[in-house]
2 protein chains.
Amino acid sequence: MKSHQKIILVNGEQSSSIDVNDRGLQFGDGVFETIRVHQGRPVWWQQHMDRLLEGCRRLRFTHLPDDEVLRAEANELSAGCLTGALKIIVTRGASSSGYAAPADIMPNRVLQLSSGTRHQSKSGQGIMLGVSEQRITGSQQLSGIKHLNRLEQVLARMQCQAEGWGECIMLDIEDKVVEGSMSNLFIWQQDRLLTPLLGQTGIRGICRERIMSVAAAQGIDVQQCQLGLDDLQKSDGLFVCNSLIGIWPVVKYAGRTFDAGANTRLLQAQLEAEICSAE
Amino acid sequence: MKSHQKIILVNGEQSSSIDVNDRGLQFGDGVFETIRVHQGRPVWWQQHMDRLLEGCRRLRFTHLPDDEVLRAEANELSAGCLTGALKIIVTRGASSSGYAAPADIMPNRVLQLSSGTRHQSKSGQGIMLGVSEQRITGSQQLSGIKHLNRLEQVLARMQCQAEGWGECIMLDIEDKVVEGSMSNLFIWQQDRLLTPLLGQTGIRGICRERIMSVAAAQGIDVQQCQLGLDDLQKSDGLFVCNSLIGIWPVVKYAGRTFDAGANTRLLQAQLEAEICSAE
């Protein structure tokens with residue numbers, strides 16, 4: 001996403017700043033969603049909201065954000081935006097000191113709309129994929145929550161930049177493939193589509209879910225299973241995905257070159273069709 | 001610390017807000033220190049600065065904060081404060097979107113002084129200690145950095161609140177004792193003082209270092225070693241420490257009651273003496 005324009009709402013008001021006592025800054029105590037905006041509306045809204053609210057519940061927020069307010073603000077920002085990205089951050093709120101939060105704390109919300117063009121070239125030409133030195137860790141209590149503690153992803157992304165990779169694979173501490181630094185991963189074994197089973201770690205991407213559904217509708221056999229780097233190396237093709245980028249085919253990985261292949265192109269087309277028509 | 005008054009400097013200006021694009025909010029991409037202020041000056045300043053700058057280096061900040069500027073601002077805030085807490089947050093800076101940071105990004109700094117009275121009662125009467133359900137995880141790359149990804153501590157602290165504990169022990173995924181939610185831990189085995197060896201996880205507290213030094217100067221045998229919950233249960237006494245609280249003796253743990261004991265009281269007195277005289 002090349003950003004052309006950014007509009008920000010903080011608790012419903014146009015603003016570009018937040019209280020330094022906000023626990024998002026102090027501790028990463030919050031959750032976020034990054035949502036594609038297409039033709040003036042946020043795509044897969046309900047799925048994003050469900051995950052965001054589930055994250056707030058699992059972090060035991062005393063008060064949940066009002067999803068109707070979030071929807072109204074998201075629609076207000078997205079109106080008139082042909083294509084863009086909407087990032088929503090919800091934090092537990094502001095508190096004066098220490099890890100403990102007062103019982104009456106109210107969540108803060110930040111909505112940021114960046115309108116602009118998408119990385120169409122990477123969807124078309126594909127990317128080089130590397131393997132991050134940075135592992136995905138995280139405990140059962142925090143697993144799968146799209147929370148604001150994202151230093152592992154930041155360090156992984158810095159390695160992508162340094163190495164010239166479009167994306168990198170992140171492993172858990174048992175050497176299992178989890179996901180990309182900002183995406184989920186799929187691999188082809190002939191005509192079968194596999195994606196890492198996300199247990200203790202990793203985020204169940206909305207786009208990942210939609211791809212599994214779209215693929216199944218096309219009669220493609222899709223399975224979630226444990227994958228290691230050797231499975232990737234032996235695969236017949238790979239791609240990464242997220243809500244903003246859609247599908248990026250991998251054209252170079254571990255010394256091998258791949259082409260996107262008809263099946264990946266089919267999924268790209270089906271996914272874009274769903275985005276254009278989705279509520 | 002009961003906060004009576006709070007003064008905040010953001011990049012040197014009195015302010016209570018920060019850019020929503022700051023990566024501290026977006027990703028927890030920064031480090032912090034919490035420093036005791038005594039008689040108008042930040043205690044153990046150099047040790048705190050060394051750790052903060054080491055954290056910035058390990059997170060591969062392109063630019064480090066200027067420690068002379070930090071010192072000047074810290075002194076300015078602390079002047080006239082009899083007793084208080086100074087929190088310093090340094091983030092990688094603000095960036096427009098995504099985990100990757102631009103090469104020319106400049107760090108942001110937030111200094112918050114809370115003047116007020118300390119929890120003297122807990123130093124005197126001691127606390128009840130529990131064991132957190134929340135594990136300490138974290139990869140080699142992030143180990144020991146006092147970074148802003150603190151959700152594990154937030155969840156642990158919430159459990160302390162719910163259970164009425166003054167502090168709780170946090171274990172790593174191999175059941176080894178690491179530290180408290182906001183403190184380091186020491187236990188007595190007769191006259192020997194033990195503290196968890198911090199390898200892959202845990203923060204080497206400044207106060208922990210000072211206690212090891214003060215104890216050694218008193219002729220006490222101090223060792224860092226791997227500890228399990230059974231070692232705590234069999235111990236002859238326990239205490240937790242951090243730069244703000246000093247030493248809190250544990251008077252109740254795992255169904256047993258303890259008294260603070262002469263050795264712990266001696267260390268408390270020696271530590272306070274050092275704080276009163278330290279540069």
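Would you mind finding the one in A:G28, A:G80, A:G40, A:G12 that is at positive phi, in contact with a Phe, Trp or Tyr (Cβ under 8 Å, 6 or more places away or on another chain) and of a type outside the set (S, T, N, Q)? Show your work before the answer.
Values: A:G80 fails: in contact with a Phe, Trp or Tyr (Cβ under 8 Å, 6 or more places away or on another chain); A:G40 fails: in contact with a Phe, Trp or Tyr (Cβ under 8 Å, 6 or more places away or on another chain); A:G12 fails: in contact with a Phe, Trp or Tyr (Cβ under 8 Å, 6 or more places away or on another chain).
Selected residue: A:G28, the only one of A:G28, A:G80, A:G40, A:G12 that is at positive phi, in contact with a Phe, Trp or Tyr (Cβ under 8 Å, 6 or more places away or on another chain) and of a type outside the set (S, T, N, Q).
The rows are residues; the columns are (1) touching a residue at least 60 places away in the same chain (Cβ under 8 Å); (2) buried (at least 23 other Cβ atoms within 10 Å of the Cβ).
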| position | (1), (2) |
| --- | --- |
| A:L185 | no, yes |
| A:C207 | yes, yes |
| A:Q223 | no, no |
| A:D230 | no, no |
| A:G237 | no, no |
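One residue alone among B:S139, B:S143, B:S213, B:S181 is under 25 Å from B:Q47 (Cα atoms), among the hydroxyl-bearing types (S, T, Y) and within 13 Å of the chain's Cα centre (by Cα), and that residue is B:S181.
Give the residues of the stretch B:128-164 that are part of a loop (DSSP other than H, G, I, E, B), more than 11 Å from chain A (Cβ to nearest Cβ) and over 21 Å from A:R135 (Cβ atoms), sorted by residue number. Across the stretch B:128-164, the qualifying residue is only B:G164.
From the list A:Q140, A:Q125, which one is within 30 Å of A:G261 (Cα to Cα) and assigned by TED's automatic domain parsing to the domain that holds A:L271? Testing whether each residue is within 30 Å of A:G261 (Cα to Cα) and assigned by TED's automatic domain parsing to the domain that holds A:L271 leaves just A:Q125. Filtering the stretch B:198-212 to residues that are under 17 Å from B:C225 (Cβ atoms) and not in a loop (DSSP other than H, G, I, E, B) leaves B:R208, B:E209, B:I211, B:M212. Given the structure, is B:R57 closer than 18 Å to A:V154 by Cβ, within 14 Å of another protein chain (Cβ to nearest Cβ) and surrounded by fewer than 23 Cβ atoms within 10 Å (Cβ to Cβ)? Yes: the conditions hold for B:R57. Given the structure, is B:R60 basic (K, R) and part of a helix (DSSP H, G or I)? No.
Condition test on B:A215, is it surrounded by fewer than 19 Cβ atoms within 10 Å (Cβ to Cβ) and either of a type in the set (K, R) or assigned to a helix (DSSP H, G or I) (or both)?
Values: surrounded by fewer than 19 Cβ atoms within 10 Å (Cβ to Cβ): no; either of a type in the set (K, R) or assigned to a helix (DSSP H, G or I) (or both): yes.
So B:A215 does not fit the description; no.
Scanning the stretch B:94-116 for residues that are outside any strand (DSSP E or B) and within 12 Å of chain A (Cβ to nearest Cβ) yields B:S95, B:S96, B:S97, B:G98, B:Y99, B:A100, B:A101, B:P102, B:A103, B:I105.
For B:K122, the criteria (1) modelled with pLDDT of 90 or more; (2) under 18 Å from the mean Cα position of the chain (by Cα); (3) within 12 Å of chain A (Cβ to nearest Cβ) hold in every case but one, which is (3).
The residue of the stretch B:1-54 that is surrounded by the fewest Cβ atoms within 10 Å (Cβ to Cβ), among those that are more than 11 Å from chain A (Cβ to nearest Cβ), within 21 Å of A:D19 (Cβ to Cβ) and touching a helix residue (DSSP H, G or I) at 6+ places or on another chain (Cβ under 7 Å), is B:G12. Out of all the residues in the stretch A:77-105, which are under 19 Å from A:Q46 (Cα atoms) and surrounded by fewer than 14 Cβ atoms within 10 Å (Cβ to Cβ)? Scanning the stretch A:77-105 gives a single hit, A:A79. In a residue-by-residue description of the stretch B:67-87, the property of being touching a residue at least 40 places away in the same chain (Cβ under 8 Å), away from chain A (no Cβ under 13 Å), under 18 Å from the mean Cα position of the chain (by Cα) and not in a loop (DSSP other than H, G, I, E, B) applies to at least one position.
Considering every residue within the stretch A:205-217, establish whether at least one is out of contact with any helix residue (DSSP H, G or I) (no Cβ under 9 Å at 6 or more places or on another chain) and more than 21 Å from A:L171 (Cα to Cα). Yes, the conditions are met somewhere in the stretch A:205-217. Restricting attention to the stretch A:187-197, which residues are outside any strand (DSSP E or B) and either buried (at least 23 other Cβ atoms within 10 Å of the Cβ) or touching a helix residue (DSSP H, G or I) at 6+ places or on another chain (Cβ under 9 Å) (or both)? Once the filter is applied, which keeps residues that are outside any strand (DSSP E or B) and either buried (at least 23 other Cβ atoms within 10 Å of the Cβ) or touching a helix residue (DSSP H, G or I) at 6+ places or on another chain (Cβ under 9 Å) (or both), the stretch A:187-197 yields only A:D191.
The values are calculated or read from the model by the stated rules, or taken from the named source; none is laboratory data. Since this is a predicted model, take the numbers as computed values, not measurements. Every residue, glycine as well, gets a Cβ built from its backbone with ideal geometry; the counts of neighbours run over all protein chains shown.
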